[in-house]
Amino acid sequence: FFLSLKLEKKTKGKLQKQICQVVLDHFEKQYTAELGDAWSSVRDVLTSPWCWQHALLLNRFSQCSGLESSLAEQGYHPAFPAALPYLPAAFRCYIRTAPSRFPSQKHQPGKLKEYYLLNAASLLPVLALEVKDGEDVLDLCAAPGGKSVAILQCACPGHFHCNEYDDLRLRWLEQTIESFIPDALINLIMVSKLDGRQIGDLQPEFYDKVLVDAPCSNDRSWLFSADPQQAVLRLMQRKELSSLQFQLLRSAIKALRPGGSLVYSTCTLSKAENSDVIDLILNSCRNVVPVDISEMARGVSQEFTFLSGMQQHELLVLPEKGRAWGPMYVAKLRKMSST
């Protein structure tokens, strides 16, 4: 026990030193204004990686005998209650309150991984999307691939298009798909390296469902920027992100069939990249309406902490000790059927 305490102190010291002060100061100012009292407990979690938790999304394409019972023995339990409006039987995710991390599995060509380690909140956009078998689905900004893998745990799309514009992230996406998805299904997946802002023009009204997990200022990783100059540059460029996010959403709406729906998500707390972008879309696109996701939010409120005062079509997961999931913003929209 003393050894583990010593180790924890050592780890704490090491991680504490890596917090990027310029980013923390910036967040302090912005999020005190935007989140009020909620910010101080969120900040405590974001700046304490030793209390972060990891969920295990089980891979339905891999026979992992005994994994579920071994997880139960270690205090893990299913993350999502069966009472949710949409929860496919094959979708199994396990979490526990203790912050320890389950070992990750190495990529082995020809062998499927049994589980994907992730922030449990990042599965909420997938559950909000409600993909059904045979639907044509677009994951517009798909790398590193966790949400694409999660979509395939829910249903078997008729056509599944995973897009990633960045070279390095594209390779990461391809490797993730190869690690989790059997060859027979991989043939149904189209992986592309297109500018997401152009897909709507290239494939107008082609998809039933679109996920826009947009590039954003990733609060968790930005706080630990090793290079202060890069951090300053990121903070300067932060203002331009909402414009990119808006353009990606416009493109996604064009790519949607009338009657189709889209989910927009980010892993930032920033209102400028979340509610403001969605409000701008709703005010500028006449053919789009918000979709109520409050029932899903209520269904998972045991495991997740949400910012109060949000609209019914959106939610923001706030990290909290013991429920250190998020940040994760989710909003759902539907393209109206043409009359």
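The values are calculated or read from the model by the stated rules, or taken from the named source; none is laboratory data. Owing to the predicted nature of the structure, the values given are computational and were not obtained by experimental measurement. With ideal geometry, Cβ positions are generated from the backbone for all residues, glycine too; neighbour counts draw on all protein chains shown. We work out accessible area using only protein heavy atoms, side chains counted, and drop any ligands, DNA or RNA first. Shrake-Rupley method; radii C 1.70, N 1.55, O 1.52, S 1.80 Å.
Whose amide H sits under 5 Å from the amide H of Asp213, counting only residues 5 or more places off or on another chain, with H placed in the peptide plane?
Under 5 Å from the amide H of Asp213 lie the amide H atoms of Leu140, Cys141, Ser265, each far enough along the sequence or on another chain.
Once the cut-off is 17 Å, how many percent of the Cα-Cα pairs in segment 162-301 end up in the long-distance tail?
Of all Cα-Cα pairs in segment 162-301, 68 percent lie more than 17 Å apart.
Roughly speaking, what is the stretch gain from Ala89 to Met190, that is 0.36 nm per residue apart minus the C-alpha to C-alpha distance, in nm to one decimal?
Fully extending the segment from Ala89 to Met190 adds 33.8 nm.
Just for the chain, what percent of DSSP beta bridges are antiparallel, to the closest 5?
Expressed as a percentage, antiparallel bridges in the chain total about 60.
Where does each of Asp166, Asp219, Asp37 land when they are ordered by accessible area, with a 1.4 Å probe and the largest first?
Greatest to least solvent exposure: Asp37, Asp166, Asp219.
Give me the number: length gained by fully extending Arg286 to Val232, i.e. 0.36 nm times residue separation minus the C-alpha to C-alpha distance, one decimal in nm.
Gain in length upon complete extension: 15.7 nm.
Treat every Asp and Glu Cβ in segment 21-335 as -1 and every Lys and Arg Cβ as +1, leave all other atoms uncharged, and give the resulting dipole magnitude about the Cα centre to the nearest 20 debye.
With only Lys, Arg, Asp and Glu charged at Cβ, the dipole is about 100 debye.
Divide by every residue of the chain the summed helix terms, -39500 (n - 2.57) for each DSSP H run of at least 4, and state the resulting mean residue ellipticity at 222 nm, rounded to the nearest 500 deg cm²/dmol.
My calculation for the chain gives -11500 deg cm²/dmol from helical runs alone.
Taking the simple approach of a point 7 Å from Cα along Cα-to-Cβ for both Leu168 and Glu73, what is their distance in nm?
4.0 nm
Testing the spin-label approximation: label points 7 Å from Cα along Cα→Cβ at Cys156 and Ala82. State their distance in nm.
2.4 nm
Using the Kyte-Doolittle scale, which helices in the chain average at least -0.5 and also have C-alpha atoms spread 27 Å or more along the helix axis, with helices defined as whole DSSP H runs?
The qualifying helices are 228-255.
Could you give the dipole magnitude of segment 130-217 about its Cα centre, charging the beta-carbon of Lys and Arg +1 and that of Asp and Glu -1, in debye to the nearest 20?
It works out to roughly 180 debye.
Counting residues in segment 245-302 as N, plug N into 2.2 N^0.38 Å and put the Cα Rg over that result.
Dividing the Cα Rg of segment 245-302 by 2.2 N^0.38 Å gives 1.22.
How would you classify segment 37-143 from its alpha-carbon gyration tensor, with a ≥ b ≥ c the square roots of the eigenvalues: rounded for a/c under 1.5, else prolate if a/b is greater than b/c, otherwise oblate?
Oblate is the answer for segment 37-143, as a/c is 1.5 or above yet b/c matches or exceeds a/b.
Using the alpha-carbon centroid of each, what span in Å lies between segment 241-259 and segment 50-77?
If we compute the Cα centre of each part, the gap is 35 Å.
Would you mind calculating the relative contact order of the chain from Cα pairs under 8 angstrom and at least 6 residues apart, reporting the percent as a whole number?
Reported relative contact order: 19 percent.
Of the candidates Gly260, Gly110, Gly134, which one comes out as most mobile in a Gaussian network treatment of the chain with C-alpha springs shorter than 10 Å?
Checking each option, the largest mean-square fluctuation is seen for Gly110.
For segment 271-339, with equal point scatterers placed on the C-alpha atoms only and solvent neglected, what are the log10 I(q)/I(0) values from the Debye formula at q = 0.18, 0.25, 0.26 1/Å, to two decimals?
For segment 271-339, the Cα-only Debye profile gives -0.71, -1.11, -1.17.
Measure off, as a whole percent, the carbon and sulfur share of the 1.4 Å-probe accessible area of the chain, all protein chains present.
C and S atoms contribute 53 percent here.
Say the cut-off is 26 Å between C-alpha atoms; which of Lys29/Lys332; Lys209/Lys239; Lys106/Lys239; Lys239/Lys332 go over it?
Long pairs (Cα-Cα over 26 Å): Lys29/Lys332; Lys209/Lys239; Lys106/Lys239.
Can you give the percent of C-alpha pairs in segment 83-185 whose distance is more than 20 Å?
Of the Cα pairs, 41 percent sit more than 20 Å apart.
How much of the pair distance distribution for the chain lies past 29 Å, counting alpha-carbon pairs only, in percent?
Within the chain, distances greater than 29 Å cover 39 percent of Cα pairs.
Give me the extension gain from Ser294 to Phe102: residue separation times 0.36 nm, minus the current Cα-Cα distance, reported in nm with one decimal.
So the extension gain works out to 66.0 nm.
Please work out the average accessible area per residue across the chain, using the 1.4 Å probe convention, and give it in Å².
Normalised by residue count, the accessible surface of the chain is 47 Å².
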